[in-house]
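The values are calculated or read from the model by the stated rules, or taken from the named source; none is laboratory data. Fair warning: this is a prediction, and the values are worked out from it, not measured in the lab. Reconstructed Cβ throughout: ideal geometry from the backbone, glycine too, with neighbour counts over all protein chains shown.
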Amino acid sequence: MARIIINRLVQGLLTLFVLVTITFFLVRMMPGSPYTDEKALPAHILEQLKAYVGLDKPLPVQYLTYLKNLVFEQDLGVLLKKDGVTVSEIISQSFPVSALLGVLSIGIALMVGIPAGIIAAVKKNGPLDYACLAAAMTGICLPSFVIGPLLAVFAGLGLKSLNVAGWNTAADWIMPALTLGMVNAAYLARLTRGGMLDVLNQDYIRTAKAKGVPGWRIVTRHALRGGLIPAVAYVGPAFAGMISGSFVIETIFQVPGMGQHFVNATTDREYFLIQGLVLFYGFLIVGANLLSDLAQIALNPRLRAAA
Amino acid sequence: MSAPVEKGLSPWQDAWHRLSRNKAAMLGLWFLVAIVLVCFIGPLMPFVKSPTVINLDNPGADPCAEHWFGTDQLGRDLFARVLYGGQVSLLVGIVATGVAVLIGLIYGSVSGYLGGKLDDLMMRIVDILFALPFLVLVILFSLVVDKPASEFTEWVIKTTGWSRDKVAPITTLMPLFIAIGSIGWLTIARIVRAQVMTFKHQEFVEAARSLGLGHGRILFRHILPNVIGPVIVYTTLAVPGIMLLESVLSFLGLGVRPPNSSWGILIKEGADRMETNTWLLLFPALFFSSTLLALNFLGDGLRDALDPRSSKD
């Protein structure tokens, strides 16, 4: 067990290192510079600005300085266009917003998707199964930026108290979280159904039935543990999907989270902010994958022996 | 009395039989054929208007005989825009997936065939890339290849003398093809590697080797044809994901850019004006979602048809 964790941690660190490196060079290779939008600055002022944040040095030196600051001082750098604002400040302001949105929508996805998948599997090929499958397929094929505006129109018209833009009161959380949650619930329902069907066809389930174990008990005590493995395996990577979804959701519902900052940072060429946000995303994904691996091992003893 | 000789079916005929019995998959297949015809042949018809002619006298018109889907905020015909946008969305979906599959096929088969330390290293790299935030990198990468792509456009125009209207719509999409394709090959590489590993120790490969065939010939002529099934299934299922990705990028203003349009762009424009002109969102969304639905149905059907193990469910 400890060996698995250490193994994954090493791989996670390696992943982050690769990510930092790729991002650093991609960002520097983007056409334009942070200062191109400004009214033509006199050359000597531009030089001073660049020297101030170290952009005047050769790329390898910049890269090593960035790594050094990152590792030894946990310093992500500063914003180039807003004086005195650090990348860490932006992240610590916007992360709680994105995290709340993420947790709420994962919660919705789990509460809707997993029961729907279990019911569909138990009632295989019945009307309830087809209803769940059709709903899930619709959820997969309707992009979040179609569901979002539609929900906003219908709910915004019917329930005036639900704000469709902004992030001030708890009522503002409902629409974005619901939109993001629904998309993921659809994937989860399909995976749970598939996983449960695999398990329900196994011999030990037939044995349980033959022994006279009641149907609901077979599902809850015997099948669920194995049947949930694909869904659990999905939740970690789904976290990465949440991020891409939340870019769109944050744009639609004007949520002041990390996604908005990232999209703006790419157009403004805020080098350090892009790098910092990407690293932070990577960090979250590596953490989520680690947790989901551990959860899978907890659910599936065979993985423990293999490791 | 000799029994009538039963003619055997090739695996592909067998798969086609299974597929053609699957109603949802066949519906998806015919729907896709229809959508492709409508989007690529439709605009050649005389009654389809230009998607770019602006008519400020008639903005936001309701659907009518003149404008089947109505007009947008600039008075452009929405039906024509949906067809031309569909060309771009389908093209991105198919070409970007093609690039990803090609890279994945080569990487995965080399890794699986050679095995050993190199295989370990190559798969470790895939593991690491797999954990990277995919969308974020696609965005950054597409910005990086933006400038070379526009230089390439100029170069093509200069050397071939073709008109800009013909060249630009394709070459401006290249950053998307390259960005999505060069980051989306990981899953296919894993699938191909696993398949190649199961085949490389089988007798027919041993036989080919003992005949003195080279590695390249063994891999491409004897092993890869057996891998095609799972690759087709995955490709079909990957296209909708990549079309979604294109639309997300376009929605954020980072993918296909005006005056080019795609279903993603039309949906974004529709979403902005949804309260007054709902169909500006509804028609593009309907085309987009039903295409994704059809691709998913076809992909599921192909998986059942080509993978005998799963056909029992």
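Per-structure values
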| read-out | value |
| --- | --- |
| Pair list, Cβ < 6 Å and 6+ apart or interchain, from the range B:24-50 residues that are over 20 Å from B:Leu91 (Cα atoms) to residues that are aromatic (Phe, Trp, Tyr) | B:Ala24/B:Phe297; B:Ala25/B:Phe297 |
| Flag for B:Pro230 being more than 10 Å from chain A (Cβ to nearest Cβ) and either assigned to a loop (DSSP other than H, G, I, E, B) or charged (D, E, K, R) (or both) | no |
| So A:Ile45, is it touching a His at 6+ places or on another chain (Cβ under 7 Å) and either exposed (fewer than 12 other Cβ atoms within 10 Å of the Cβ) or of a type in the set (A, V, I, L, M, F, W, C) (or both) | no |
| Every residue from the range A:120-129 that is free of Cβ contacts under 8 Å to residues at least 12 places away in the same chain and within 11 Å of another protein chain (Cβ to nearest Cβ) | A:Asn125 |
| Inter-residue pairs, beta-carbon under 6 Å, first facing chain A (nearest Cβ under 7 Å) and outside any helix (DSSP H, G or I) and in the range B:124-146, second hydroxyl-bearing (Ser, Thr, Tyr) and surrounded by 20 or more Cβ atoms within 10 Å (Cβ to Cβ), 6+ apart | B:Ala131/A:Thr15; B:Pro133/A:Tyr281 |
| Set A:Gly181, A:Gly107: member being more than 10 Å from chain B (Cβ to nearest Cβ), surrounded by 20 or more Cβ atoms within 10 Å (Cβ to Cβ) and modelled with pLDDT of 85 or more | A:Gly181 |
| The one condition in (1) within 12 Å of chain A (Cβ to nearest Cβ); (2) surrounded by 24 or more Cβ atoms within 10 Å (Cβ to Cβ) that B:Thr97 fails to fulfil | (1) |
| Failed item in (1) in a helix (DSSP H, G or I); (2) modelled with pLDDT under 80; (3) surrounded by 23 or more Cβ atoms within 10 Å (Cβ to Cβ); (4) not polar (S, T, N, Q), with B:Val256 passing the rest | (1) |
| Pair list, Cβ under 6 Å, 6 or more apart: the range A:1-29 residue at the interface with chain B (Cβ under 10 Å from one of its Cβ atoms), other residue surrounded by 16 or more Cβ atoms within 10 Å (Cβ to Cβ) and of a type in the set (Ser, Thr, Tyr) | A:Val27/A:Tyr271 |
| Test: B:Leu281 is more than 9 Å from every other protein chain (Cβ to nearest Cβ), of a type in the set (A, V, I, L, M, F, W, C) and free of Cβ contacts under 8 Å to residues at least 40 places away in the same chain | no |
| Members of the range A:130-141 that are within 14 Å of another protein chain (Cβ to nearest Cβ) and touching a residue at least 40 places away in the same chain (Cβ under 8 Å) | A:Leu133, A:Ala135, A:Ala136, A:Met137, A:Thr138, A:Gly139, A:Ile140 |
| Conditions (1) touching a Pro at 6+ places or on another chain (Cβ under 6 Å); (2) not in a loop (DSSP other than H, G, I, E, B): number failed by A:Leu80 | (2) |
| Per-region count, the range B:263-276, residues more than 10 Å from chain A (Cβ to nearest Cβ) and under 12 Å from B:Leu78 (Cα atoms) | 2 |
| Output for the range A:250-307, where each listed residue is small (Gly, Ala, Ser) and either surrounded by fewer than 23 Cβ atoms within 10 Å (Cβ to Cβ) or not in a helix (DSSP H, G or I) (or both) | A:Gly257, A:Gly287, A:Ala288, A:Ser292, A:Ala295, A:Ala298, A:Ala305, A:Ala306, A:Ala307 |
| Residue that is surrounded by the most Cβ atoms within 10 Å (Cβ to Cβ) [pool: residues in the range B:61-94 that are over 15 Å from B:Val48 (Cα atoms) and polar (S, T, N, Q)] | B:Ser89 |
| Total residues in the range A:177-197, condition touching an Asp or Glu at 6+ places or on another chain (Cβ under 9 Å) and among the charged types (D, E, K, R) | 1 |
| Residue count for the range B:284-304, restricted to those that are closer than 19 Å to B:Val36 by Cα, surrounded by fewer than 23 Cβ atoms within 10 Å (Cβ to Cβ) and away from chain A (no Cβ under 11 Å) | 2 |
| Search result, residues across the range B:1-50 that are surrounded by 10 or more Cβ atoms within 10 Å (Cβ to Cβ), of a type in the set (Phe, Trp, Tyr) and at pLDDT below 80 | B:Trp12 |
| Lone qualifier among A:Ala155, A:Ala171, A:Ala210 - being more than 10 Å from every other protein chain (Cβ to nearest Cβ), in a helix (DSSP H, G or I) and modelled with pLDDT of 85 or more | A:Ala210 |
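Let's see how each residue does on (1) in contact with a helix residue (DSSP H, G or I) (Cβ under 8 Å, 6 or more places away or on another chain); (2) on the phi < 0 side of the Ramachandran plot; (3) surrounded by 18 or more Cβ atoms within 10 Å (Cβ to Cβ):
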residue	(1), (2), (3)
B:Ala131	yes, yes, yes
B:Pro148	no, yes, no
B:Thr159	no, yes, no
B:Met174	yes, yes, yes
B:Ile183	yes, yes, yes
B:Gln202	no, yes, no
B:Leu211	no, yes, no
B:Asn226	yes, yes, no
B:Val233	yes, yes, yes
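Here is a yes/no grid of residues against (1) in a loop (DSSP other than H, G, I, E, B); (2) β-branched (Val, Ile, Thr):
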site	(1), (2)
A:Val18	no, yes
A:Pro34	yes, no
A:Val61	no, yes
A:Leu67	no, no
A:Asp75	yes, no
A:Glu89	no, no
